């Protein structure tokens, strides 16, 4: 369990978890899955150094927006429309920093879970691949931290994101860890990174995101390749236990965001509220204007060219690997959470020969 809840004032302090974790030695060093072997080979070949690959000399004005103004959903809100141009730019810059901070915190969570999978999975090929993912995640933490430092603004992790990652780290089986990270969090990340690459006007952030996407697509592919086989080989009771874990992770995110239609009460996010206050906007004013604008939350249609992480990637992936059962389908229905099963977008991003995804 987490030692204590963190307030916005102390969110940068160390938070320690006690996690049950089996460690599996494997002395049969043969790689039995060609697709996993290919994925590991690709991971080795595509390692990159953020210091050399990215042009850190590019200047960034922290007061200016770094995403295309046409993609700014705040434009729909009355309080934003009443702001001066400079006030709008400042709020947009802060909002982007708040989002990028979630990328950074999520990547640290991925770093820890990938390391946990490395010593918990019983298969040699999975150990090799998850070790390469651990290096990928370390690199992502490095480059996002360096980019956010250039902006001179950082925000705390969203409570719902930390709850999902904490539950994943404290899971008692590597399949649950992979559901939590490679299916849920990485699915969200893949969609968010894809959209950020299209939205950003900053060449450094665009290049950074492009490289991160190459890695993240492999991570989601690994979750698909390995989990589908693992869950299929499980006893029915174990399979239901993993499916229950997946449902609770999804329900937690849904509850935090006011349901999948965005119309219910949302759980407070201290970082987001802090971002609003830094721009002289009250949370009450934001909520009032958001309701007035008819924003649909995470169930809203993604703009043309963008990916809806839940609908297009995460939920179809969970269904495809067997992490949604007949029993948990009833739980999703009771919680008014739709189960999206269309894998067409997921499959359109997938290289069928290697099991890798393409950005």
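The values are calculated or read from the model by the stated rules, or taken from the named source; none is laboratory data. Everything numeric here is computed off the predicted structure, so don't read it as measured data. As a convention, Cβ positions derive from the backbone with ideal geometry for all residues, glycine included, and neighbour counts pool all protein chains shown.
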State the number of residues belonging to region 230-245 that are surrounded by fewer than 18 Cβ atoms within 10 Å (Cβ to Cβ), in contact (Cβ under 8 Å) with a residue 12 or more places away in the chain and assigned to a helix (DSSP H, G or I). 5
Across region 214-263, what is the total count of residues that are within 28 Å of residue 41 (Cβ to Cβ), within 15 Å of the chain's Cα centre (by Cα) and at pLDDT 90 or above? 1
For region 15-56, name all the residues that are modelled with pLDDT under 65 and under 22 Å from the mean Cα position of the chain (by Cα). 16, 17, 19
What is the number of the single condition among (1) touching a helix residue (DSSP H, G or I) at 6+ places or on another chain (Cβ under 7 Å); (2) part of a helix (DSSP H, G or I); (3) under 18 Å from residue 250 (Cα atoms) that residue 166 does not meet? (1)
Just to be sure before I move on: is residue 94 buried (at least 20 other Cβ atoms within 10 Å of the Cβ), modelled with pLDDT of 90 or more, farther than 20 Å from residue 185 by Cα and touching a helix residue (DSSP H, G or I) at 6+ places or on another chain (Cβ under 7 Å) in the structure I sent? yes
Given the options 145, 59, 89, name the one that is farther than 30 Å from residue 173 by Cβ, surrounded by fewer than 20 Cβ atoms within 10 Å (Cβ to Cβ) and under 22 Å from the mean Cα position of the chain (by Cα). 145
By residue number, the members of region 264-286 that are outside any helix (DSSP H, G or I) and either more than 17 Å from the chain's Cα centre (by Cα) or modelled with pLDDT of 95 or more (or both) are 264, 265, 266, 267, 268, 278, 279, 280, 281, 282
Filter region 62-81 down to the residues that are closer than 18 Å to residue 204 by Cα and in contact (Cβ under 8 Å) with a residue 40 or more places away in the chain, then identify the one that is surrounded by the fewest Cβ atoms within 10 Å (Cβ to Cβ). 68
Verdict on residue 86 being assigned to a helix (DSSP H, G or I) and either closer than 30 Å to residue 36 by Cα or without any contact (Cβ under 8 Å) to a residue 24 or more places away in the chain (or both): yes
Against the definition (modelled with pLDDT under 95 and within 26 Å of residue 275 (Cα to Cα)), how does residue 128 come out, yes or no? no
Does region 153-176 contain at least one residue that is under 19 Å from residue 95 (Cα atoms), over 18 Å from the mean Cα position of the chain (by Cα) and touching a residue at least 24 places away in the same chain (Cβ under 8 Å)? yes
Every residue in region 129-138 that is surrounded by fewer than 20 Cβ atoms within 10 Å (Cβ to Cβ) and over 15 Å from residue 105 (Cβ atoms), please. 131, 134, 135
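A quick yes/no check of all residues on (1) touching a helix residue (DSSP H, G or I) at 6+ places or on another chain (Cβ under 9 Å); (2) in a helix (DSSP H, G or I); (3) within 19 Å of residue 39 (Cβ to Cβ):
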{"position": "161", "(1), (2), (3)": "yes, yes, no"}
{"position": "171", "(1), (2), (3)": "yes, no, no"}
{"position": "189", "(1), (2), (3)": "yes, yes, yes"}
{"position": "192", "(1), (2), (3)": "yes, yes, no"}
{"position": "197", "(1), (2), (3)": "yes, yes, no"}
{"position": "208", "(1), (2), (3)": "yes, yes, no"}
{"position": "216", "(1), (2), (3)": "yes, yes, yes"}
Residue 136 passes all but one of (1) in a helix (DSSP H, G or I); (2) within 17 Å of the chain's Cα centre (by Cα); (3) under 20 Å from residue 253 (Cα atoms); which number fails? (3)
With respect to residue 111, is the statement that it is within 21 Å of residue 195 (Cβ to Cβ) and modelled with pLDDT of 80 or more true? no
Got at least one residue in region 75-83 being closer than 23 Å to residue 215 by Cα and either touching a helix residue (DSSP H, G or I) at 6+ places or on another chain (Cβ under 7 Å) or at pLDDT below 90 (or both)? no
